[in-house]
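Taking it in order: structure first as structure tokens, then the write-up.
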Amino acid sequence: MRKVLFIWMLMMSVNMEMWSQVLQTVKGTVVDKETKQVLPQVTVRIFKEGVELGGNTDENGEYRIDQVPVGSYTIQFTALGFRNYAVSDVQVNSAKEYVQNAELEDATMSLKAVEIKTKKKYTNEMGLVSIKQFDVQETERYAGSRGDPARMASNFAGVQGADDSRNDIVIRGNSPQGVLWRLENVDIPNPNHFNVPGTTGGPVSMLNNKMLSNSDFFTGAFPSDYGNSTAGVFDLQMRNGNKDRYEFTAQFGFLGTELGAEGPISKKKGSSFLFNYRYSTLKLFDALNIKIGTNSVPAYQDASFKLNFPLGKKTKFSLWGLGGLSKIDLIVNDQTEPPTELYGESDRDQYFKTNMGVVGANLQHNINSKSYTRISAAVSNSHVNSRHDKVFRDSNYAVTSLKPILGYDYRVTSILLHALYNVKLNAKWVLKAGLINNTYLVNLTDSSRQYPPTQMQWQIRNRYTGTTNLSQAYMQLKYRLSPELTMTGGLHAQYLSHSQSFAIEPRFGLKYLASPVCNFTFGYGLHSQMQQLYQYFAQKESTTVLPLHNYAMGFTKSHHLVLGNEYSLGKHLSLRTEVYYQYLYNIPIEKRAGSSFSAVNQGGSFSRLFPDTLVNNGTAYNYGLEMTLSKAFSQGYYFLLTGTLFNSKAKGNDQVYRNTDYNGRYILNALVGYNIKVRKNNALILGAKVTYAGGQLYSPPDSAASVMLGDLVVVDSLRNTLKFKDYFRVDFKLGYKINRPRVTHEIAIDLVNVFNIKNILSMTYSPDLAAQGAYPFTKTYQLGFLPLFYYRLDWHD
């Protein structure tokens, strides 16, 4: 009886602890958006229904509000002479202090506080048009996003994924290779595991959303501090670790098993660290001899860190890094029947390895009350190695022999530098200017004897070691003509040393506040991008080393025009519309007469392309209409509805405008999420996403040529004249969060393609079917049903 009474009392004490109110701290730093000067005496108010707390920033611009009950809040910042700023959807949990920094805009021209109606603040103060901000909470909340910034961005209007198995994104009909990745103010290599040279995506991102701060995403007409991109920009920032106490994270899930930590290095000096490490869960299962249904187990691991050191009140110094290793062996010679393999081809064994790492340092110094400078330097290294062995079989599908047919090894080391100066000249004028220099040390080797299958001699495609340098300079001015009208204008210049390519690019933006609930935007920009490094240093296939026939290619260039409107329909509801036109020119096309090849059709798959001799004579155009209806998270729910109508055409040397590979014509996304409060501290998390998009375009195969070559050959004059059925997918997310004192538990499952719809990706050629006398052209499908689970534990000391 005593034992029963003891157990009952223990259970009651646990339940009382769960039912009692759990409290947390909300804190942060407030600065002037344009000068980065700290702002004292800012009034900070945090509130939700039934709860309102507040405080003020101190002389260091810092505020701290304790005893905040866990839950969802809005935080409002108010200061005389600055526009008021409100942040909704602040999720306060029990394990980690919530840090909400703010950058306030000058409102002295109107001599009164002005309320900002937009609910999200962009990091780049020069961005006025085609800019979207995503935060960590959104990458976790959106069904199907997998905690991946790129997959989360595919929910935005004008953006779509090219392939379910990869996170490449197509922006306004442009090739994914037109996307620029920037981290901590420097341009970085492809930050994805299993990435292929010439692409900007991959199956699994190295970027861990728990390490990131709110960041900007541009889809066109971006400011002059961004170069070497014709499609869009991810401008990512790492957050700082908690400088007051130690906090930890452990997560076990389908996509990885990870550990993270953050905390003070010196509480007195305010320095901190932030670290996260992840390892492939499937590889852990394989090491434990747990069968997962395939012998081709992806092995990957990644780590990231940031060390932050305030050096007095005016200077900040930080060290940061990101790196990942990945490897997979796709073995088919042990198969007794044709496999269904998402990442591989059925006629060959593939050994594939990729490594990427970047480490850097930032130094920011406030020169005076009106200006600051920032210097960022980094070194990155990217290594991709692959080998293919052709598997020959008899009519019974038995292996008769193996033959090495492809091998390549690409190594690129980059030395990256970005220095900028920003000054607020007066209440109307802000000037930003900077220099960017990227030095590339390349070592590229590639040999192939893939086609035809009888080919015995190795054909050299890359055999190059050398250096090239991309230098960039920019200047941008922001001018407030009135409290309602803001303009930006600038120039960007870039020069590529080995090809002596040079470009000067004007940029312009305008934003007009027609009323407190309505604004109009306009943007123009000329944007240039260098070609893929391996194509610059490629040669025509030969058994001997030949001159580099595409060494002198120039930049691809693109004019962007955008007109937009944003209308606030309520406190948390807004409607955003943009129309755009893009004209691309100087696109590499084949010199060969009659060819329909255009470089804008590259970059969205696991393949590299080695075209014939290229010339910068191609053109293309994109135009479209985008609409977004969004409700920020409030009253326990959110939704996002996006729709896009667009057209994307390109012209090769045959002088015919054809559909680009990415011309799906229309995209519809609908996302909705609901958090149901359970007792005082817990929450049931529900989310769903529906995607409907135009089907993939493809070209009719040339049967005779395909059989002769042993690979898919299309009818060149009919490129992209056929279309697969439209794409349709439904994702669902279910989770539960438990807030206990010092600890937060979260368990969730993301059901990707919950109805297992077979969306068609492409058409391929099967040598095995051809050898059996069957029709050799087959359809490759996108991802089927994929359940992704995770359990996360957050706690503090």
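The values are calculated or read from the model by the stated rules, or taken from the named source; none is laboratory data. Computed from a predicted structure; not experimentally measured. Every residue, glycine among them, receives a Cβ derived from its backbone with ideal geometry; neighbour counts consider all protein chains shown. All accessible areas refer to the heavy atoms of the entire protein, side chains included, with ligands and DNA or RNA removed. Shrake-Rupley method; radii C 1.70, N 1.55, O 1.52, S 1.80 Å.
Remarks
- Hull volume in cubic angstrom per residue (convex hull over the Cα atoms of the stretch 362-494): 192
- Along its three principal directions, the equivalent ellipsoid of the chain from the Cα gyration tensor extends over semi-axes of 44, 33, 25 Å, largest first.
- Amide H contacts of Asn682 (H built 1.01 Å from N, in plane; Pro and chain starts excluded): Asn739 sit under 5 Å, all sequence-distant by 5 or more or on other chains.
- Compactness of the stretch 357-427 as Cα Rg over 2.2 N^0.38 Å, two decimals: 2.35
- Computed from the Cβ-Cβ distance with R0 of 56 Å, the FRET efficiency linking Trp429 to Val707 stands at 0.25.
- Restricting the stretch 473-578 to chymotrypsin sites (Phe, Trp or Tyr not before Pro) that sit in a DSSP loop and have at most 12 other Cβ atoms within 10 Å of their own Cβ leaves nothing.
- Debye, to nearest 20: dipole size of the chain, +1 on Lys, Arg Cβ, -1 on Asp, Glu Cβ: 1560
- The aspartates and glutamates within cross-link reach of Lys243, meaning a Cα-to-Cα straight distance under 15 Å and a gap of 8 or more places when in the same chain, are Glu62, Glu97, Glu262, Asp797.
- For Gly147, neighbours were defined as the other residues whose beta-carbon sits under 11 Å from its Cβ, and their charges (Lys and Arg +1, Asp and Glu -1) total +1.
- The fraction of all Cα pairs in the stretch 648-767 landing in successive 5 Å bins from 0 to the largest distance is 2, 9, 13, 13, 12, 10, 9, 8, 6, 6, 5, 4, 2, 1, 0, given as whole percents.
- Table column - 3J(HN,Hα) (Hz), the stretch 56-68, Karplus curve with 6.51, -1.76, 1.60, x for Gly and Pro: 9, 6, 8, 5, 9, x, 9, 10, 8, 10, 9, 6, 8
- Across the cross-link table entries Lys210/Lys478; Lys478/Lys557; Lys132/Lys313; Lys33/Lys269; Lys631/Lys689, which are compared at the Cα atoms, the separations over 21 Å belong to Lys210/Lys478; Lys478/Lys557; Lys132/Lys313; Lys33/Lys269.
- Put a dot 7 Å past the Cα of Leu363, heading toward its Cβ, do the same for Ser213, and the two dots end up 1.9 nm apart.
- Taking the accessible area of the stretch 602-697, probe 1.4 Å, and keeping the other protein chains in place, the carbon and sulfur fraction comes to 59%.
- In the chain, the longest principal axis of the Cα atoms and the axis of helix 2-19 are about 90 degrees apart.
- Solvent-accessible surface of the stretch 431-580, taken per residue with a 1.4 Å probe and all protein chains present: 41 Å².
- In plain terms, the C-alpha convex hull of the stretch 590-699 casts an average shadow of 9.9 nm² when viewed from every direction.
- Set Lys283/Lys758; Lys327/Lys403; Lys432/Lys591; Lys306/Lys432 screened for pairs whose C-alpha atoms are more than 30 Å apart: Lys432/Lys591
- Tyr781 long-range amide H proximity, modeled H, under 5 Å: Leu761
- Two-site label geometry, Lys677 and Asn443: point separation in nm, points 7 Å out along Cα→Cβ: 6.0
- Over the chain: helical MRE at 222 nm, DSSP H runs n ≥ 4 each giving -39500 (n - 2.57), nearest 500: -1500 deg cm²/dmol
- A simple rule links phi to the HN-Hα coupling: the Karplus curve 6.51 cos²θ - 1.76 cosθ + 1.60 with θ = phi - 60°, which for the stretch 247-254 gives 9, 9, 9, 10, 9, 10, x, 4 Hz, with x for Gly and Pro.
- For Lys677, the lysines whose Cα falls under 18 Å of its own Cα, not counting residues fewer than eight places away in the same chain, are Lys48, Lys733, Lys737.
- Residue-count net charge about Pro404 - beta-carbon cut-off 12 Å; Lys, Arg +1, Asp, Glu -1: +3
- If you take all other residues with their beta carbon under 11 Å from the beta carbon of Gly270, and give Lys and Arg +1 and Asp and Glu -1, the sum is +4.
- In the chain, excluding the sites themselves, the longest stretch lacking any of the GluC sites (Glu not before Pro) that are in a DSSP loop with at most 13 other Cβ atoms within 10 Å is 60-797.
- Here the stretch 215-304 is treated as an ellipsoid with the same Cα gyration tensor; its semi-axes, largest first and in whole Å, are 32, 27, 8.
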